[in-house]
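Each remark here refers to the structure printed beneath this line.
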Amino acid sequence: MLVERMRPFTSTIFTEISRLAVETGAINLGQGFPDTDGPASLLADAAANITERGANQYPPGPGVPALRQAVADHQRRFHGLDVDPADVVVTTGATEAIASTLLGLCEPGDEVVAFEPTYDSYAASVALAGATLRPVPLRPPHFGFDDDELAAAFSDRTRGVLVNTPHNPTGTVFTAEQLTRIGELAVAHDAVIVTDEVYEHMTFDGARHVPMASLPGLADRTLTISSAGKTFSVTGWKVGWVHGPPGLVAAPRAVKQFLTFHGGAPLQPAVADALALGDDFYVSIGTELTRKRDLLSAGLADAGFDVLTPQGTYFVVADPTPLGYDDGVDLAWKLPELCGVAAVPVSVFCQSEAGAAATRPLVRFAFCKRDEVLTEAVTRLATLKEARS
Ligand code: PMP
Ligand code: GLN
């Protein structure tokens with residue numbers, strides 16, 4: 001009975017691999033979620049909002065004013081962006097921001113350009129909107145894009161271009177030059193730029209996150225999306241936001257009213273306070289994750305993988321070809337049995353055959369876990385070579 005356009009999307013790889021990890025008792029480095037809680041002040045604040053401050057009824061439509069102001073302040077503090085809190089819409093996670101933006105912007109038959117591998121909800125939301133995804137491959141080992149392929153993906157049907165930086169699953173952080181080239185095409189085709197910046201505070205080795213809205217001439221056509229889940233290690237809270245010029249942000253604002261109406265009343269003010277945490281907190285995100293990335297990457301390399309070192313996010317992509325595995329889907333399903341660790345295949349995030357072929361052997365591991373968990377995962381992964389011989 002399911003509508004045809006949703007039939008390819010009946011389950012997600014995260015659901016499948018997390019279930020497999022539970023069934024097999026494997027360490028779950030598949031689905032990306034931290035195994036520690038966010039800042040204590042954030043948790044206490046949210047609890048008090050529920051039990052002491054009565055923030056338990058519908059919040060105002062576009063979000064509580066304190067959070068919309070905090071998002072605007074955060075965008076100025078970290079990215080130099082001038083955002084009017086009136087142009088911020090709070091959503092149920094970045095996922096709802098993405099869905100409501102695409103549903104609100106695309107007419108059936110419109111096209112949306114996105115880099116693949118793409119985060120899984122993009123293809124589903126584009127399909128729900130009756131639009132068509134035009135994937136542009138990011139190829140290993142560096143996951144850059146080809147300018148000609150990018151230009152060829154744009155047409156007079158292009159309604160928007162979806163840009164995720166830092167990029168899940170590849171860990172790529174697009175440079176200002178790359179983003180400028182994307183922006184030039186968006187301008188030439190009068191396309192809306194939709195950016196997904198949920199990993200904005202997770203960059204390594206001096207890589208700098210550049211929001212597209214900060215590039216000259218692009219703020220007027222850009223909708224910027226982010227959320228609290230990654231930054232504050234509260235992926236289950238689903239507090240996200242989208243901001244942009246009034247004419248554009250009107251699209252997600254209208255649609256989200258009829259997806260969830262409005263939620264997260266006790267969580268929104270707590271996130272507002274957390275966004276104002278000091279620089280120490282934000283700096284520690286990068287420092288901690290760099291250490292975790294290096295711990296897991298070294299273990300993967302010792303275990304025999306080629307490691308494609310990420311500059312951002314909390315994922316590392318590894319190539320198991322030297323171990324004799326050339327199909328990441330097959331390996332991801334076997335890995336819990338083989339060594340007690342779960343990972344997700346990368347090719348399932350590709351819509352085109354070319355993208356799937358380019359990423360065929362690759363698997364993605366999450367390193368947003370306690371050091372002792374990563375160390376145990378590394379010990380287990382080291383047994384892979386023996387399992388093979
Ligand atoms: N975009 C990307 C690139 C992601 O990795 C995720 C995963 N959490 C999301 C969006 C969804 O964010 P949220 O949990 O805030 O809906
Ligand atoms: N964003 C997380 C990841 O990429 C998981 C999101 C989800 O489970 N839908 O692993």
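The values are calculated or read from the model by the stated rules, or taken from the named source; none is laboratory data. In this text, all values refer to a predicted model and were calculated from it rather than measured experimentally. Counting neighbours? That spans all protein chains shown, and the Cβs are built from the backbone with ideal geometry, glycine included. Each accessible area value is taken on the protein alone, full model and side chains, heavy atoms only, with ligands, DNA and RNA left out. Shrake-Rupley method; radii C 1.70, N 1.55, O 1.52, S 1.80 Å.
Of Ile193, Ile50, the order by accessible heavy-atom surface (1.4 Å probe, DNA, RNA and ligands excluded), from most exposed downward, is Ile50, Ile193.
Charge tally around Pro166: other residues with Cβ under 14 Å, Lys/Arg +1 each, Asp/Glu -1 each, net 0.
Using the 1.4 Å probe convention, the accessible area of the chain works out to 40 Å² per residue with neighbouring protein chains retained. Of the listed residues Val255, Val234, Val3, the order by accessible area with a 1.4 Å probe, largest first, is Val3, Val255, Val234.
Charge dipole of segment 1-88 (Cα centre as origin; +1 on each Lys and Arg Cβ, -1 on each Asp and Glu Cβ, all else neutral): 180 debye, rounded to the nearest 20. Each residue of the chain gets 138 Å³ once the volume of the Cα convex hull is shared out per residue. Residues whose amide H falls under 5 Å from that of Thr165, counting only those 5 or more places apart or on a different chain, are Asp196, with hydrogens built in the peptide plane. Beyond 26 Å in Cα-Cα separation lie the following of the pairs Lys256/Lys369; Lys334/Lys369; Lys292/Lys385; Lys230/Lys334: Lys256/Lys369; Lys230/Lys334. Ligands, DNA and RNA left out, the 1.4 Å accessible surface of the chain is 53% carbon and sulfur atoms.
Available extension along the chain between Asp327 and Asp302 is 7.0 nm, counting 0.36 nm per residue and deducting the alpha carbon span. Calculate, for Thr132 and Met1, the FRET efficiency according to 1/(1 + (r/R0)^6) with r their C-beta to C-beta distance and R0 25 Å; round to the nearest 0.05. Efficiency for this residue pair is about 0.60. In terms of the mean number of neighbouring beta-carbon atoms within 10 Å, the peptides 162-172, 289-299 order highest first as 162-172, 289-299. PRE reach from Glu16 (point 7 Å along Cα→Cβ): which of segment 305-330 fall under 18 Å by backbone N? Within reach of a label on Glu16: 326-330. Among the DSSP helices (H) of the chain, those spanning at least 27 angstrom by Cα along their long axis with an average Kyte-Doolittle hydropathy of -0.5 or more are 279-302; this is a geometric and hydropathy rule only. Reducing segment 273-320 and segment 61-117 to their Cα centroids gives an inter-centroid distance of 26 Å.
Scanning residues 5 or more positions from Thr91 or on other chains, those with amide H under 5 Å from its amide H are Gly240, Trp241, Val242, with H placed 1.01 Å from N in the peptide plane.
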